[in-house]
Amino acid sequence: MGEMMMKTNQIEIVTLETKYFIGVPVTNVFQRFDSERMIETNQLFLARRNEIKGTINEQEYVCPHFANDILFTYIYCVEVTEIKDIPNGMIGFHVPSQRYVKVRSADQDPYALSKEYLKENGLENNTRSLALEVFRFGEEQHFNNADIYIPIVERNL
């Protein structure tokens, strides 16, 4: 167990530089969440990820996502050095540099924790941007295994 005994909840504010992603999107109806479609898309991504050129970190994948009251879109991606040679059926896009609340929790809902943190600090989730979930290949895909990044609304001073 040794070094695994880190704090169970870690929350901090970080700035990420512009990031470039290529991956496979899946859209679901929010009220009738279809986990089979998610699993199929994930498997498709895993089977085809070697077609993506310029991957920055071979050990991890990133799942940007966004939702409204009706639809939920989740994208299985790897971060790449630039957007080019996008494989068929995939999308490439960039996320501009911005600030995030970064949360990692082994035993609680990281989204609930981030919501609480934002509120306590007078900050607001930027719902017009993408939240990011960063996973390691080979680990169970669950939000308690992920670094979660929630975009923050920037207030112009």
Residues being of a type outside the set (A, V, I, L, M, F, W, C), out of contact with any Leu (no Cβ under 8 Å at 6 or more places or on another chain) and either within 15 Å of PHE66 (Cα to Cα) or in contact (Cβ under 8 Å) with a residue 40 or more places away in the chain (or both) - total across segment 20-41: 4
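If you check HIS65 against the conditions, is it open to solvent by 70 Å² or more (accessible area, probe 1.4 Å) and assigned to a strand (DSSP E or B)?
Numbers: open to solvent by 70 Å² or more (accessible area, probe 1.4 Å): no; assigned to a strand (DSSP E or B): yes.
When the stated conditions are applied, HIS65 does not pass them.
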Test for PHE66: is it free of Cβ contacts under 8 Å to residues at least 40 places away in the same chain and at negative phi: no
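The values are calculated or read from the model by the stated rules, or taken from the named source; none is laboratory data. The structure presented is a predicted model; accordingly, all values stated were derived computationally and were not measured. Every residue, glycine among them, receives a Cβ derived from its backbone with ideal geometry; neighbour counts consider all protein chains shown. What goes into the accessible areas is simple: the full protein's heavy atoms, side chains included, and nothing from ligands, DNA or RNA. Shrake-Rupley method; radii C 1.70, N 1.55, O 1.52, S 1.80 Å.
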